[in-house]
Amino acid sequence: MSEKKWSVDPVTNELYEVACAEGMETVWERHQEQEPRCGFGELGICCRNCFMGPCRIDPFGEGAQKGVCGATADTIVARNFIRMVAGGAAAHSDHGRDVATTFLAAAKGEAAGYEIKDERKLHQVAAQAGIETEGRDNKDIAIELGELALSQFGQQEGEVVFTNMAPESVRARWRREGIMPRGIDREIVEIMHRTHIGVDTDADNILRQGSRAALGDGWGGSMIATELQDILFGTPRPLTAEVNLGVLEPENVNVVVHGHEPALSEMIVVAANDPEMLKLAEEQGAKGITLAGICCTANEILMRHGIPVAGNFLQQELALATGVVDAMIVDVQCIMPGLTDSKDCVHSKIVTTSPKAKFPGAMHIQFDEHNALETAKEIVKTAILNYKNRRGAVRVPKGKTELVAGFSTEYIQYMLGGHFRGDYWVLNDNIISGRIRGVAGVVGCNNPKVIHDQLHVDVVKELISNDILVAQTGCSAIACAKAGLLVPEAALEYAGPGLTEVCETTGMPPVLHAGSCVDNSRILAVLSRMVQAGGLGEDISDLPVAGAAPEWMSEKAISIGEYVVASGVYTVFGVGLPVTGSPVVSELLFERYAETRGGRWAVAPDARTMAAMMIDHINERRGTLGIEEKKERVLFDMAARRELA
Ligand code: NFS
């Protein structure tokens with residue numbers, strides 16, 4: 001048994017001990033085995049882009065200062081950084097492509113089981129894309145929108161269409177700086193070309209291509225994913241649900257969906273409620289079927305159906321340790337290869353469903369959007385038939401927490417004033433009056449280099465105690481949900497007086513769950529609408545807002561960080577950033593980006609510093625806007641919390 005606590009979440013620590021007792025290896029053991037980490041990799045100064053290497057630059061200035069080809073630390077760091085952007089942008093955008101494909105098939109009536117659920121949003125998004133909607137059939141509009149969305153991936157010239165949602169000053173900057181994305185795939189391919197040996201050497205020029213590909217993700221691939229998913233599966237509205245491993249039901253068949261794409265999981269929701277499936281579950285001795293999610297698949301079906309969330313990224317192996325997961329259904333992204341080893345200790349089946357992601361030792365049932373419900377039923381049946389194979393103890397912890405999710409861009413607008421109140425003006429008005437000091441997006445992953453969930457929870461508590469409204473996505477939202485921050489009552493316990501007043505008036509929580517990581521595009525849309533509503537400047541970079549990814553680990557987080565920064569938002573990452581081996585790249589990202597991109601990157605060593613940096617930035621923006629009355633930043637501690645309570 002381990003003495004160390006790996007998480008701020010007691011349920012995670014409890015299950016970790018269970019996993020150890022069962023001889024199940026987890027991410028934390030593998031993390032320790034990797035220590036000490038490669039210092040060259042941490043600084044970003046190793047290069048494997050050709051086989052004259054691998055090369056590395058001596059950070060102390062004593063050994064090699066150039067790779068075999070002559071590349072300096074600046075070139076190597078910039079290339080490595082934008083290759084991470086390429087990986088992340090590719091992941092989000094390939095998801096967007098799959099959504100567009102399913103959307104188009106559904107529009108044509110070739111994907112049984114899928115239908116347009118939000119006609120109003122169909123019209124809205126089509127109009128935004130410049131498609132004629134007046135007097136036309138929804139089917140025709142949807143087909144044209146699906147085709148237009150798909151064409152954005154292979155577009156060679158021009159501008160990715162949904163960049164037209166951004167304020168004009170932001171778009172003018174993108175054009176001026178040469179970072180306006182032309183086509184989603186083109187910019188990713190160009191990263192791979194430019195970072196090949198002997199192409200782009202200039203760090204500034206290299207980073208520009210990183211921004212262009214990242215913007216193609218945020219305003220292109222991710223935006224398409226979010227918008228078309230809303231039209232196809234419904235635009236989220238607030239609903240309550242439960243989170244943490246305690247949502248698993250020992251006496252039910254438990255099906256856990258994990259990964260990112262909602263196309264299949266939407267159908268699994270239908271299949272798990274099918275009377276035929278429920279009857280089969282009863283015949284096998286179970287009381288019913290529980291469906292729960294992990295990572296962003298969880299966020300997708302939570303947002304639209306209130307399906308419970310079993311956990312975030314670092315809890316995926318622990319879900320298996322409960323002994324009651326009859327099948328874990330995975331699609332793409334953030335699925336640990338270690339899962340197939342964990343499952344050897346229990347009866348759980350791991351079912352892969354994407355041709356892009358097969359795991360040795362897992363069972364494969366391929367998803368086909370033309371036959372989605374049948375595939376979903378086959379998968380649920382596999383879980384049901386595995387119920388009787390359970391062995392060993394059942395170790396479902398008691399812990400679960402209530403949360404409210406479902407804050408789409410559209411709902412936030414409705415909640416803060418309704419349609420006749422002039423869009424986002426009510427939010428802006430509250431910011432101008434100082435009740436809300438600003439808005440922060442706190443997003444991203446878990447990383448075993450830091451205590452699980454701690455940075456997310458501490459940063460968000462600090463922000464809301466300083467009257468900053470927080471919007472969240474991804475595993476960060478799940479972390480704060482487990483800590484009880486995503487319910488309206490959290491305002492009374494944790495938020496400052498101004499934010500509490502707004503929360504009490506509207507009934508909203510001080511922390512808004514906006515969805516999965518591709519739904520960070522919702523945050524871009526909110527920022528654009530805040531500029532549009534007026535009173536807070538002409539540009540996203542004028543707004544009193546800040547972003548953070550406290551426990552990031554994935555390339556997707558880097559792509560998100562880059563597009564948020566390049567859209568004008570000051571953004572702080574925790575855990576470090578593999579760029580510090582180059583003073584030139586560091587200066588570009590941390591300082592000069594403010595002029596060329598509107599936003600800039602920053603790195604913070606701990607939660608308190610991270611929150612302080614964000615609050616200071618927000619206060620500084622308020623000062624520039626002339627809406628700042630003198631108010632000291634309050635750092636959240638136990639005494640302050642008691643006083644608030
Ligand atoms: Ni985002 Fe969502 Fe979680 Fe990180 Fe992975 S699940 S797409 S990458 S780990 S937040």
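The values are calculated or read from the model by the stated rules, or taken from the named source; none is laboratory data. From a predicted model like this one, the values you see are computed outputs, not experimental measurements. Because the Cβ atoms are built from the backbone with ideal geometry, glycine has one as well, and the counts that use them run over all protein chains shown.
Assorted remarks:
- Of the set (1) crowded, with 21+ Cβ neighbours inside 10 Å; (2) under 22 Å from V518 (Cα atoms), all apply to E410 but (1).
- Looking across the range 180-202, just one residue is buried (at least 24 other Cβ atoms within 10 Å of the Cβ) and closer than 22 Å to S586 by Cβ, and that is I191.
Residues checked against (1) within 24 Å of the chain's Cα centre (by Cα); (2) within 21 Å of K108 (Cβ to Cβ):
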position: E119; (1), (2): no, yes
position: I131; (1), (2): no, yes
position: E134; (1), (2): no, no
position: D137; (1), (2): no, yes
position: E144; (1), (2): no, yes
position: Q152; (1), (2): yes, yes
position: E159; (1), (2): no, no
position: N164; (1), (2): yes, no
position: S169; (1), (2): no, no
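- Within the range 534-575, the set of residues being assigned to a loop (DSSP other than H, G, I, E, B), within 16 Å of the ligand (Cβ to nearest atom) and not hydrophobic (A, V, I, L, M, F, W, C) comprises P550, E551, S554, G574.
Let's see how each residue does on (1) part of a helix (DSSP H, G or I); (2) among the aliphatic types (A, V, I, L, M):
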position: G130; (1), (2): no, no
position: R136; (1), (2): no, no
position: I143; (1), (2): yes, yes
position: E147; (1), (2): yes, no
position: A172; (1), (2): yes, yes
position: I188; (1), (2): yes, yes
position: I191; (1), (2): yes, yes
position: G210; (1), (2): yes, no
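- Every test in (1) surrounded by fewer than 21 Cβ atoms within 10 Å (Cβ to Cβ); (2) in contact with a Lys or Arg (Cβ under 9 Å, 6 or more places away or on another chain) is passed by E538 save one, and that test is (2).
For (1) under 24 Å from M530 (Cβ atoms); (2) within 14 Å of the ligand (Cβ to nearest atom); (3) acidic (D, E); (4) modelled with pLDDT of 95 or more, each residue gets a yes or a no:
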{"residue": "H456", "(1), (2), (3), (4)": "yes, yes, no, yes"}
{"residue": "L469", "(1), (2), (3), (4)": "yes, no, no, yes"}
{"residue": "I478", "(1), (2), (3), (4)": "no, yes, no, yes"}
{"residue": "L492", "(1), (2), (3), (4)": "no, no, no, yes"}
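- V426 satisfies every condition listed in (1) within 20 Å of I540 (Cα to Cα); (2) touching a residue at least 24 places away in the same chain (Cβ under 8 Å) except (2).
- Test: E317 is in the same structural domain as S265 (by TED's automatic domain parsing) and either among the hydroxyl-bearing types (S, T, Y) or closer than 21 Å to N273 by Cβ (or both): no
- Qualifying residue in the range 363-373 (condition: of a type outside the set (S, T, Y), closer than 28 Å to G285 by Cα, out of contact with any strand residue (DSSP E or B) (no Cβ under 7 Å at 6 or more places or on another chain) and surrounded by 15 or more Cβ atoms within 10 Å (Cβ to Cβ)): yes
- Scanning the range 438-451 for any residue that is of a type in the set (V, I, T), modelled with pLDDT of 95 or more and outside any loop (DSSP other than H, G, I, E, B) turns up at least one such residue.
- Taken over the range 70-107, residues that are away from the ligand (no atom under 16 Å from the Cβ) and either more than 26 Å from E147 (Cβ to Cβ) or out of contact with any helix residue (DSSP H, G or I) (no Cβ under 8 Å at 6 or more places or on another chain) (or both) amount to 14.
- Positions within the range 48-76 being aliphatic (A, V, I, L, M) and part of a loop (DSSP other than H, G, I, E, B), in sequence order: M52, I57, A64, V68, A71
- Test: residue in the range 345-356 that is within 16 Å of the ligand (Cβ to nearest atom), under 27 Å from D98 (Cβ atoms) and among the aliphatic types (A, V, I, L, M): no
- Residues being among the acidic types (D, E), farther than 15 Å from V460 by Cβ and surrounded by fewer than 24 Cβ atoms within 10 Å (Cβ to Cβ) - total across the range 492-524: 2
- If only residues of the range 286-336 that are away from the ligand (no atom under 16 Å from the Cβ) and within 26 Å of I451 (Cβ to Cβ) are counted, the one that is surrounded by the most Cβ atoms within 10 Å (Cβ to Cβ) is V325.
- Condition met for A272 (more than 29 Å from S7 (Cα to Cα), surrounded by 24 or more Cβ atoms within 10 Å (Cβ to Cβ) and in contact with a strand residue (DSSP E or B) (Cβ under 6 Å, 6 or more places away or on another chain)): yes
- Filter pass, S567 being small (G, A, S) and either assigned by TED's automatic domain parsing to the domain that holds A166 or buried (at least 24 other Cβ atoms within 10 Å of the Cβ) (or both): yes
- Options V518, V487; residue that is within 16 Å of the ligand (Cβ to nearest atom) and in a loop (DSSP other than H, G, I, E, B): V518
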